[in-house]
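Engineer: Got a structure for you, questions after.
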Amino acid sequence: MKFESSYLQRVYDGLESRNAEQKEFLQAVAEVLESLEPVVAANPELERWGIIERIVEPERIIQFRVSWVDDNGKVQVNRGYRVQFNSAIGPYKGGLRLHPSVNLSVIKFLGFEQIFKNSLTTLPIGGGKGGSDFDPKGKSDMEIMRFCQAFMTELEKHIGADTDVPAGDIGVGGREIGFMYGQYKRLRNEFTGVLTGKGLTYGGSLARTEATGYGLCYYTQEALKSLRNTDFNGKTVAVSGAGNVAIYAIQKAYQLGGKPVTCSDSTGWIYDPEGIDVDLLKEVKEVKRARLTEYAAARPSAEYHEKKNGEHGVWSVKCDIALPCATQNELDENDAKMLIDNGVLAVCEGANMPSTPAAIEALKKAGVLFGPAKAANAGGVATSALEMSQNSERLHWTFEEVDEKLQHIMTGIVHNSLDAAAKYGLDGDLVAGANIAGFEKVADAMIAQGVAY
């Protein structure tokens, strides 16, 4: 990676030499630092205070063994992580991911992105992330409970309502949060808002389940209005994924007048020209926890395609708006070119870093509106912070109250990003704007607090 700034180049080269094997983390850092070139040039105090060196290094990395017993009585061992990246503007905040792909690079990339995402919400939360290489697929409820209890037995030593507040991510939904919260409460003998995404009966927030998908669509709608003078109405929407983010992005896209026609999981994808049936998708994925083959079997209009290496999947479908909501680097340069050829107007990211750098470059070069993950999918963590506020005040807001606050936050992120981009002569660049707006708030706080950490 080459930078115009000798300061940025020096910091990145040092980081790369120390973390050469951590490709996801380095990709995330390079994307942010590239946007910060004009900021560093205009603000020499950033180098004087060592802000870039400090912001790319986690304040704390916790790695631990998770030993648990499966239903056959066999001891299983997994690796657990919590990366507490930056607490300049508030307690560490970020999800827990349970997936075989989890390693230190993935958790560091997610934690680094979380710093700026959380800053963009304007709420007082710092950046962190955690998880394990445990795979919940195919496990019984009792196995998942035992794993979650073992995981929390170590994690509880490092978190707290005013220190670090984890949430859910891939593989961690309401069931897993409930098991973890129960173990935390047992060990600490206290009832605090230490986890978000909790059930409504024990401190959870209405609209939290819907928040990331809804927020993605609120962001996309406002960006379309601001930059293209249009909206979702009458648009065909391609969505990847079939988890929490994808399901509620599909639901909100319908509510805004769009027609979502695709979704996907790890084994295949669906094209439904009549529009995805949200109720059926929820039944298959949230109730049965089954594969999309069951959706196709119950929906005559749906085409099921088994996942194959090298194919474009959902991105081969002609659409106006594309919302990647599955996992990192799922949309590559060839996918981007196919979307461009099919006349896509906007691509906004619901997953974390789902587009490769080459794909982003191709989309932006073609004039496609591109909304980066740290801005477009910030609705989940924003509503988690709203859950923290309700817990602190011992209050419970209505769905409408939370949804209104979410919509206000997401539209604000669009305009704050555009303002930050314009400040440095990058008019209309939502990627640079999000990185700059998120960074400047954290950098100001770090300078104000000195170099004590």
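Engineer: For the chain, report the % of Cα-Cα distances exceeding 32 Å. Write down the numbers at each step before the final one.
Structural biologist: Values: 36026 of 102378 pairs.
Looking at the chain, the distances longer than 32 Å represent 35 percent of pairs.
Engineer: Continuing with this model, one more query. Just to confirm my numbers, what's the Cα centroid distance between region 35-57 and region 317-338 in Å?
Structural biologist: Their Cα centres are 32 Å away from one another.
Engineer: What FRET efficiency do you get for R79 and D427 if R0 is 51 Å and r is their Cβ-Cβ distance, rounded to the nearest 0.05?
Structural biologist: Details: r = 45 Å, r/R0 = 0.88.
Efficiency at R0 = 51 Å is approximately 0.70.
Engineer: Here is a further query. Could you work out the relative contact order of region 82-157? I mean the mean sequence separation of Cα pairs under 8 Å and 6+ apart, divided by the number of residues, in percent.
Structural biologist: On the way: 123 pairs, mean separation 29.7, N = 76.
Rounded, it is 39 percent for region 82-157.
Engineer: Taking only the alpha carbons of region 211-376, what extent do you get along each of the three principal axes, in Å, biggest first?
Structural biologist: 40, 34, 25
Engineer: For each pair in K137/K259; K108/K157; K139/K285; K129/K307; K225/K252; K137/K157, compute the distance between the two Cα atoms and list the pairs where it is over 25 Å. Mind showing how you got there, number by number?
Structural biologist: Working: K137/K259 30 Å; K108/K157 20 Å; K139/K285 16 Å; K129/K307 29 Å; K225/K252 16 Å; K137/K157 27 Å.
Distance filter (> 25 Å) returns K137/K259; K129/K307; K137/K157.
Engineer: How long, wide and thick is region 315-432, going by the Cα atoms along their three principal axes, in whole angstroms, largest first?
Structural biologist: On the principal axes, region 315-432 reaches 51, 33, 21 Å in Cα extent.
Engineer: Thinking of region 167-261 as a set of Cα atoms, what percent of all their pairs are more than 19 Å apart? The partial results should precede the final answer.
Structural biologist: Details: 2256 of 4465 pairs.
Result: 51 percent of Cα pairs exceed 19 Å.
Engineer: Run the simple label-point estimate for T398 and R175 please: 7 Å along Cα→C-beta, distance reported in nm.
Structural biologist: 3.3
Engineer: Turning to a different aspect of this structure: I need the peptides 409-417, 155-163 ranked by packing, meaning the mean over residues of other C-beta atoms within 10 angstrom, with the highest value on top.
Structural biologist: Numbers: 409-417: 22.9, 155-163: 17.0.
So the peptides 409-417, 155-163, ranked by packing, come out 409-417, 155-163.
Engineer: Output the peptides 123-135, 34-46, 64-76, 348-360 sorted from most to least packed, where packing is the average of other Cβ atoms within 10 Å over each peptide's residues. Mind showing how you got there, number by number?
Structural biologist: Values: 123-135: 24.9, 34-46: 17.2, 64-76: 12.6, 348-360: 23.0.
Peptide ranking by packing, descending: 123-135, 348-360, 34-46, 64-76.
Engineer: For every other residue with a beta carbon closer than 10 angstrom to the beta carbon of H158, add +1 if it is Lys or Arg and -1 if Asp or Glu, then tell me the sum.
Structural biologist: That sum, taken over residues with Cβ under 10 Å, equals 0.
Engineer: Between I447 and E361, how many nm apart are label points set 7 Å from Cα along the C-beta direction?
Structural biologist: 3.2
Engineer: Using Cα centres only, tell me the gap between region 58-106 and region 249-280 in whole Å.
Structural biologist: Region 58-106 and region 249-280 have Cα centres spaced 32 Å from each other.
Engineer: State which helices in the chain qualify, where a helix is a whole DSSP H run, it must extend 15 Å or more along its own axis by its Cα atoms, and its mean Kyte-Doolittle hydropathy must be at least 1.0. Please report the intermediate quantities before stating the final value.
Structural biologist: On the way: long enough: 6-18 (18 Å, -0.95); 23-35 (19 Å, 0.28); 104-120 (24 Å, 0.75); 141-155 (20 Å, 0.31); 174-188 (21 Å, -1.01); 211-228 (24 Å, -0.27); 244-255 (17 Å, 0.13); 379-393 (21 Å, -0.29); 399-423 (36 Å, -0.22); 430-448 (27 Å, 1.13).
Within the chain the helices that satisfy the rule are 430-448.
Engineer: Quick one, what does Rg over Rh come out to for region 4-116 if you take C-alpha atoms and the Kirkwood Rh? Don't skip to the end; give the middle numbers.
Structural biologist: Details: Rg = 17.0 Å, Rh = 15.8 Å.
Expressed as Rg/Rh, it is 1.08.
No lab work stands behind these numbers, since they all come straight from the coordinates. For clarity, every value in this text was computed on a predicted model and none was experimentally measured. In this analysis, Cβ positions are derived from the backbone assuming ideal geometry, glycine residues included, and neighbour counts consider all displayed protein chains.
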